[in-house]
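Values quoted throughout were computed directly from the atomic coordinates according to the rules given, and no laboratory measurement underlies them. From a predicted model like this one, the values you see are computed outputs, not experimental measurements. Ideal geometry is used to build each Cβ from the backbone, glycine not excepted, and the neighbour counts take in all protein chains shown.
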Amino acid sequence: MKFSQKLLLWTTIIIALTLGFSGYFFVSHVFQTSLEREAGQAMDENNILRFAFETAALNVPVKYDILQNSSVEQIAANLESGGQGGRRLLRISDEYRQTLYAGDGFDADDTLLELSGEDQYSYCVISLNGRYYIHTGSTINALGRVLYLETLRDVSQVFEERETGFAVYRRLTALMLLLDIIIMYIISSRLTKPIRLLVHATKRIAAGDYGYRARQVSDDELGSLTQDYNRMAETLEQNIESLEHEVQAREDFVGAFAHELKTPLTSIIGYADMLRSRRLDEEQSILSANYIYTEGKRLETMSLRLLDIIVTRKEGAKIQETPAEVLFAYVRSLFSTQEGMELVFDYDRAVVSADAGLIQTVLANLIDNACKASENGGRIEVTGRRVPGGYRFQVEDHGIGIPAQELSKITQAFYMVDKSRSRSRNGAGLGLALCTEILALHHTELEIDSTPGEGTRAGFVLADAGREAEDEETHS
Ligand code: ATP
Ligand code: MG
């Protein structure tokens with residue numbers, strides 16, 4: 001059953017019970033009050049009749065010492081006929097509960113009579129031939145006799161009014177329920193609209209429509225649930241997108257890797273086949289072996305770089321406070337044997353947050369790229385500067401530069417702007433991919449700024465530990 005239907009059903013049940021009970025108690029209360037009023041009047045009437053009887057008995061001519069049964073009948077008949085609209089019914093019994101006079105239609109049994117004693121007044125409600133009466137009883141003391149006077153007061157109207165009251169309440173309850181069903185149907189469908197919209201959105205998203213969002217139609221808790229749901233869907237969509245990108249990137253990587261393997265392997269297989277199948281002179285043999293060696297070396301470089309990337313991803317970075325000069329000192333000694341290049345180091349002293357080994361790899365890769373892009377005798381400046389928000393490392397060359405449209409691609413694995421040029425310089429196209437991985441572990445990224453024909457500036461910013469702030473010396 002739908003939530004709105006449940007809401008409607010329960011409201012209807014509660015209203016039906018509330019109206020039913022309140023109606024029942026109200027009608028019963030009115031009935032009880034009317035019955036008590038009628039009982040009071042019946043008792044008053046009984047009292048009046050008792051007085052009237054005793055007075056009439058006093059007026060009976062004194063022929064005997066005690067009141068005769070015939071006189072009793074006479075007085076009773078007179079009293080009964082004095083009633084209005086024939087509603088008065090009475091019965092008089094003697095000391096032995098023997099009926100002396102009973103009005104026409106006085107069919108009450110003797111229960112009340114048996115109970116009554118001297119000077120006792122009592123009443124009860126009885127039903128006779130489909131009508132209701134208040135049956136009263138009292139004791140009369142007249143001329144030495146103790147008689148019992150009983151009256152019947154017709155109260156059927158009070159019972160009829162109760163039935164009418166119940167019938168009116170039943171009709172009223174049915175009408176109210178009908179109204180309630182109509183109003184609650186409208187209210188419950190409005191209240192549950194956000195839920196219906198959320199269910200619809202969930203189905204759409206589950207079917208793969210990740211961009212679908214639930215419409216917010218209220219400002220209450222369900223409204224904020226819709227907002228949270230949409231935020232969750234947003235995050236999910238972004239995660240799915242990034243997963244899709246990652247899967248795509250991996251596929252591209254595998255494709256590029258297979259392609260990069262193919263070229264050196266083809267050369268190696270070709271030259272190896274030539275060496276084993278033909279008789280070559282010494283010069284040709286050396287040339288072939290040289291090709292095999294060079295291509296093998298390239299494969300080795302590639303596998304080492306790939307290994308670096310995998311290990312970096314797996315092990316992460318152990319970031320520590322590291323003096324910048326330690327990093328510069330390492331790369332300076334690494335490239336000290338580099339011939340034909342003018343390497344200039346210029347840096348501020350500072351302590352940076354870095355995994356020294358990994359950042360040295362990044363600097364070495366950037367300087368290696370700068371060397372490969374520069375002509376012999378080219379100048380390469382390696383700088384370190386304190387900047388607002390950290391410490392900036394930069395490698396600047398005046399080499400061939402990178403076309404603007406290539407800038408976004410060069411950090412992809414195996415991507416080389418000029419493949420033959422890069423390969424001739426033993427490039428595998430993996431250096432910048434590795435740098436990107438390492439810098440991501442340091443929560444920063446590589447910034448490359450280049451002008452073709454003029455040169456390239458590649459740099460990144462690391463967190464400055466803030467020490468030696470007073471020591472702004474420049475070293476070169
Ligand atoms: P590897 O670093 O794996 O030995 P690689 O240097 O070719 O090979 P990356 O370092 O990833 O690979 O560089 C990718 C490409 O970007 C290079 O092949 C080159 O075309 C271009 N590139 C990178 N740095 C520079 C630079 N300073 N000047 C001009 N081109 C550059
Ligand atoms: Mg490189």
Taking the mean number of other Cβ atoms within 10 Å as a proxy for protection, how do you rank 251-260, 372-381, 278-287 from highest to lowest? 372-381, 251-260, 278-287
Have a look at Ile126, Ser242, Thr263 and report the one farthest towards the positive end of the charge dipole of the chain, computed about the Cα centre with Cβ charges (Lys/Arg +1, Asp/Glu -1). Thr263
Rg to Rh quotient for region 315-359, alpha carbon positions, Kirkwood Rh: 1.05
Counting sequence-distant residues (5 or more places) and residues on other chains, those with an amide H built under 5 Å from that of Ser122 are Gly137
Apply the Karplus curve 6.51 cos²θ - 1.76 cosθ + 1.60, θ = phi - 60°, to the phi angles in region 225-236 and return the couplings in whole Hz, x for Gly and Pro. 5, 4, 4, 4, 4, 5, 4, 4, 4, 4, 4, 4
Phe414 long-range amide H proximity, modeled H, under 5 Å: Leu430
What's the long-distance tail for region 211-315, i.e. % of Cα pairs beyond 23 Å? 59 percent
Which angle from 0 to 90°, rounded to the nearest 10, does the C-alpha axis of helix 431-441 make with the longest principal axis of the chain? 40 degrees
Would you mind calculating the relative contact order of region 211-315 from Cα pairs under 8 angstrom and at least 6 residues apart, reporting the percent as a whole number? 20 percent
Which whole-Hz ³J(HN,Hα) couplings does region 442-448 yield from phi under the Karplus relation 6.51 cos²θ - 1.76 cosθ + 1.60, θ = phi - 60°, glycine and proline marked x? 9, 6, 9, 9, 7, 10, 10
Directionally averaged projected area (convex hull, Cα atoms, the chain), nm²: 49.7 nm²
A correct Karplus calculation of ³J(HN,Hα) over region 24-29, with 6.51 cos²θ - 1.76 cosθ + 1.60, θ = phi - 60°, whole Hz and x for Gly and Pro, returns 4, 5, 5, 5, 5, 5
Under Stokes-Einstein, region 293-401 at 10 °C and 1.306 mPa s, with its Kirkwood radius over C-alpha pairs, diffuses with a coefficient in µm²/s of 104 µm²/s
Report, by chain and number, residues whose modeled amide H sits under 5 Å from the one on Ile380, excluding near sequence neighbours (fewer than 5 apart, same chain). Glu342, Leu343, Val344
Please go through the residue pairs Lys262/Lys318; Lys297/Lys419; Lys372/Lys409; Lys318/Lys419; Lys6/Lys193 and name each one whose alpha carbons sit more than 25 Å apart in this structure. Lys262/Lys318; Lys318/Lys419
So, by mean Cβ neighbours within 10 angstrom, what's the order for 153-165, 334-346 with the highest one leading? 153-165, 334-346
Normalised Cα Rg of region 3-166, dividing by 2.2 N^0.38 Å with N its residue count, works out at 1.46
Taking Cα atoms only, helix 324-334 is inclined relative to the longest principal axis of the chain by an angle, in degrees rounded to 10, of 40 degrees
